[in-house]
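Worksheet: the structure to be examined is printed underneath.
The values are calculated or read from the model by the stated rules, or taken from the named source; none is laboratory data. All of these numbers come straight from a predicted model, not from anything done at the bench. Note that we place each Cβ from the backbone using ideal geometry, even for glycine, and neighbour counts take in every protein chain shown.
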Amino acid sequence: MIIPAFNEEVYIRDCLQSLDRIDFPKDQIEIIVVDNGSVDRTIEYASQFNVNILSILNVKVGDVRNHGASHASGKFLVFLDSDCVVDPDWLNVAYDRLSQDNNLVLGGRYLMRDNPSWLEKYWVLNNSRHQVYLTTLVGGCIFICKEIFDRLNGFNGKLHSGEDSDLTERLRAAGYRVEIFPKLSVVHLGYPSKIIPFIKRQLWHSADYITNFRKSIYDKVFILTLLFIAAFVGFFVGVAMNNQVFMGVALIVFLCMPAILSYKRLSRSKTTYKTLKDIFAYIWLTCFTW
């Protein structure tokens with residue numbers, strides 16, 4: 001089990017304590033914490049548990065995970081984030097399915113903590129463990145045969161983020177089956193609860209759109225983002241030109257795109273908001289962070 005960590009003193013004890021409570025033979029679990037240059041008490045807290053601690057500096061999260069995987073001795077690799085906690089039957093559920101099909105790659109979802117902030121409530125969506133629409137792996141909850149992982153050369157260490165989606169694409173292109181299994185979902189404690197850290201997180205996630213522009217131009221979200229920005233700029237161009245038609249078209253596009261994207265995310269997550277306050281809060285957050 002590989003757990004990357006960077007300045008996670010707030011959450012890493014909760015993560016490792018949840019692993020202590022797992023209903024699975026402890027002598028069959030190897031836990032590797034890979035520290036990526038923490039300057040807080042992450043290593044000190046991790047040392048209080050029965051884990052192996054590795055260190056690697058100045059690399060992106062994909063290579064942090066790869067470093068841990070290269071030192072793992074088991075047949076199966078499990079990737080968990082250090083700000084996540086798991087259910088006691090988590091490993092049993094995964095092992096039962098993987099033991100039937102070694103070519104299967106499993107993933108779960110991120111769930112909200114109890115009493116989430118308003119940001120988590122309106123952005124994460126759907127906190128149930130039932131089946132919802134999700135097609136890609138999330139880096140903090142992956143179960144994969146080590147042989148398959150090594151065959152695909154692991155995660156792409158050049159990416160700032162999105163290395164999990166990239167791995168999903170390469171797995172499917174190679175003919176492996178990727179299954180998102182809600183019963184394997186983990187509670188993600190590290191979601192930002194304030195708007196500034198949230199914006200920084202979104203900017204970090206979007207960094208590869210700029211650095212990998214050639215690939216980005218084929219990405220639907222990136223294209224929609226460019227149209228959204230163009231509509232915003234176009235509105236003020238229309239104001240400067242005193243062209244009401246131009247202003248109107250730009251404004252309609254600017255307002256409709258977040259609403260359409262919001263509807264799509266809400267539908268896929270099966271989340272239902274019953275008040276206009278909830279609906280407008282969600283659309284505002286989508287518009288504000290696009």
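General remarks:
- Residue count for the range 167-183, restricted to those that are in contact (Cβ under 8 Å) with a residue 60 or more places away in the chain and either acidic (Asp, Glu) or in contact with a Cys (Cβ under 6 Å, 6 or more places away or on another chain) (or both): 1
- Extreme residue, modelled with the highest pLDDT, among residues of the range 232-276 that are among the hydrophobic types (A, V, I, L, M, F, W, C) and within 30 Å of LEU111 (Cβ to Cβ): MET257
- Scanning the range 170-189 for residues that are assigned to a strand (DSSP E or B) and farther than 19 Å from CYS145 by Cβ gives VAL186, VAL187, HIS188.
- Close contacts from the range 148-159, counting a first residue that is on the phi < 0 side of the Ramachandran plot and a second that is acidic (Asp, Glu), with Cβ to Cβ under 7 Å and a gap of 6+ residues or different chains, come to PHE155/GLU163; ASN156/GLU163; ASN156/ASP166; GLY157/ASP63; LEU159/ASP166; LEU159/ASP208.
- Any chance PHE198 is at pLDDT 95 or above and in contact with a helix residue (DSSP H, G or I) (Cβ under 9 Å, 6 or more places away or on another chain): no
- Residue check for LEU189: at pLDDT 85 or above, touching a Phe, Trp or Tyr at 6+ places or on another chain (Cβ under 9 Å) and farther than 27 Å from ALA250 by Cβ: yes
- Residue check for LEU104: buried (at least 20 other Cβ atoms within 10 Å of the Cβ), touching a Lys or Arg at 6+ places or on another chain (Cβ under 6 Å) and touching a residue at least 40 places away in the same chain (Cβ under 8 Å): no
- Scanning the range 29-49 for residues that are in contact with a Leu (Cβ under 9 Å, 6 or more places away or on another chain) and within 20 Å of VAL78 (Cβ to Cβ) yields ILE29, ILE31, ILE32, VAL33, VAL34, ASP35, ASN36, ALA46, PHE49.
- Within the range 74-100, the set of residues being surrounded by fewer than 20 Cβ atoms within 10 Å (Cβ to Cβ) and either modelled with pLDDT under 90 or within 15 Å of the chain's Cα centre (by Cα) (or both) comprises SER99, GLN100.
- Pair list, Cβ under 8 Å, 6 or more apart: the range 42-58 residue in contact (Cβ under 8 Å) with a residue 40 or more places away in the chain, other residue among the aromatic types (Phe, Trp, Tyr) and surrounded by fewer than 16 Cβ atoms within 10 Å (Cβ to Cβ): THR42/PHE6
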